[in-house]
Amino acid sequence: MVTQLLRSPVLNPAGAEVGRLQDVVVKLAEGGYPPVTGLKVRVGAQDVFVGKELIDRLEAGAVRLNTHTIHTQTFQRRPGEVLLAADVLGRHLVDVTRGRIVQAHDLVLAPTEDGWRLQGIDRSPQAMLRRLVPRRGRPDLRRHAILDWKDVQPFVGHVPTAKLLMPLQRLRRLHPAQIADIVEGASHAEGEEIIKAVEGDAELTADVFEELDSEHQAEFIKSRSNEEAARVLDRMAPDDAADLLGALDQERRLPILNLMSPSQQHKLRKLMQYHPTTAGGMMSPDYVWVIKGSTAAMAIEAVRIDDKAPHQLLNTVFVTEQEGKFIGSIALADLERTDSEKKVEELDLTDCAIGASADFADVTLMMADYNLTALAVTDRTGNLIGAISVDDLLEALVPDDWRNRVEASSGV
């Protein structure tokens, strides 16, 4: 364990102390276990570098060298190197397997054929006590909670010599909601490091922003230029993008809106006419619909070729008159089970719809009373203008303290 080495005597082959260990230096690389490249040793009043080739062995409470002579040049960080005690120990890391933030209370080193390597972290409370309590006063705390280094990714934005940023490929293994949870549980600097990493994938960036709570959405979008903000909002679901655009300062809204694609601009202008807590503010302007006279087969094909509606709304097909007046809706599963040539208006349609000005309570009650997974939103003339999915409803219903409980149960 790194805490068993820190401030330990560094001994020459004769057993004489030549200095005290201040830190362990490793070289981060994408994948694998980082190799120990040397040690930071305090010799007198100076910190010097001791290369790995001079290390005979590492043991709890001592470092033994294979030489009587070491160079006493002042220690300097080299590109790509990380100091385990200064840069990693006690800090947050991302558990890329479980999608959570963990804390490195201790670090595990192990010998290999080509030298010592960083093998994992210990996130147990006992490790924290071992780290914080002076060695002589430590109780016998031998319990561990070891995570393999291959399962974690350190934050390195604070490391002046680290060239390896948070790798996008590792984050892609996680669901956008998991990435958003990590950002919300991290410091601003750590969250910014993750956001910058995912910006290499425009679609993933938009998905993550959609999953962030409103406070963190505004926090990270405000720090971006108008052009960068427009690129993110352009790829977000229109209802989420409208809410986020509305959270920006008044003087930034129009310039950002004007930088977006004409199609997204049109949708956002319509949505921003409504208060976010009304049906019009909650709805998505993208949904699957067919006109009266279409067959069940045509309705199924409309779902297959649609590339705009959110996934949550692909399970429902809405039916309108030629001029857009809402008739009803039907589940995709019911379409699959019916005669493919049957006209949609002849099917058992659900004719529930709600006005765009209806409040959140009305939306909730209607969807609950009729067991709906998607609800049609109409204007004053009865024309279909949008749809609300049950996931949007659930997201609005979940109290903030429940989210905090989920974060706490994930463990640090």
Distance in nm between label sites at Met1 and Ala396, each 7 Å beyond Cα in the beta-carbon direction?
-> 5.1 nm
Note down the nm distance, to one decimal, between modelled labels 7 Å out along Cα→Cβ at Asn371 and at Glu215.
-> 3.8 nm
Expected 222 nm ellipticity per residue - DSSP helices of 4 or more, -39500 (n - 2.57), all of the chain, to 500 | -9500 deg cm²/dmol
Between Arg269 and Asp249, what is the label-to-label distance in nm when each label sits 7 Å out along the Cα-to-Cβ direction?
-> 2.5 nm
Could you order Ile256, Ile305, Ile327 by accessible surface area, starting with the largest, using a probe radius of 1.4 Å?
-> Ile305, Ile327, Ile256
Over 24 Å between alpha carbons, listed pairs Lys270/Lys308; Lys196/Lys270; Lys27/Lys222; Lys270/Lys325; Lys308/Lys342 | Lys196/Lys270; Lys27/Lys222; Lys308/Lys342
Given Cβ charges of +1 for Lys and Arg and -1 for Asp and Glu, the option among Ser263, Leu212, Met298 whose Cα lies farthest towards the positive end of the dipole of segment 188-313 is Met298
Lys/Arg Cβ at +1, Asp/Glu Cβ at -1, dipole of the chain taken about the Cα centre: which of Ala85, Leu233, Ala186 is farthest positive-ward?
-> Ala85
Write out the trypsin sites (Lys or Arg not before Pro) in segment 176-253 meeting two conditions: DSSP loop, and at most 11 other Cβ atoms within 10 Å of their Cβ.
-> none
What accessible surface, in Å², does a 1.4 Å probe find on Glu336, ignoring ligands, DNA and RNA and rounding to the nearest 10?
-> 110 Å²
About the Cα centre of the chain, how large is the charge dipole given +1 on each Lys and Arg Cβ and -1 on each Asp and Glu Cβ? Please answer in debye to the nearest 20.
-> 2740 debye
20 Å-binned pair-distance histogram of the chain (Cα, whole percent) = 23, 40, 24, 12, 2
Using a 1.4 angstrom probe with every protein chain in place, what is the largest-first accessible-area order of Tyr274, Tyr370, Tyr287?
-> Tyr370, Tyr274, Tyr287
With every protein chain left in place, what is the accessible area of Trp116 in Å² (1.4 Å probe, nearest 10)?
-> 60 Å²
Report the residues of segment 32-50 in range of a label on Thr69: point 7 Å along Cα→C-beta, backbone N strictly under 17 Å from it.
-> 49-50
For segment 2-97, report the accessible area per residue in Å² (1.4 Å probe, heavy atoms, rounded to an integer).
-> 45 Å²
Just going by the charge dipole of segment 186-331, with Lys and Arg at +1 and Asp and Glu at -1 on Cβ, which of Trp289, Ala242, Thr277 is farthest out on the positive end?
-> Trp289
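The values are calculated or read from the model by the stated rules, or taken from the named source; none is laboratory data. The structure displayed is predicted, hence computed values, not measured ones. A quick note on method: Cβ atoms are made from the backbone with ideal geometry, for glycine too, and the neighbour counts reach across all protein chains shown. Heads up: the accessible areas ignore ligands, DNA and RNA and are worked out on the full protein's heavy atoms, side chains in. Shrake-Rupley method; radii C 1.70, N 1.55, O 1.52, S 1.80 Å.
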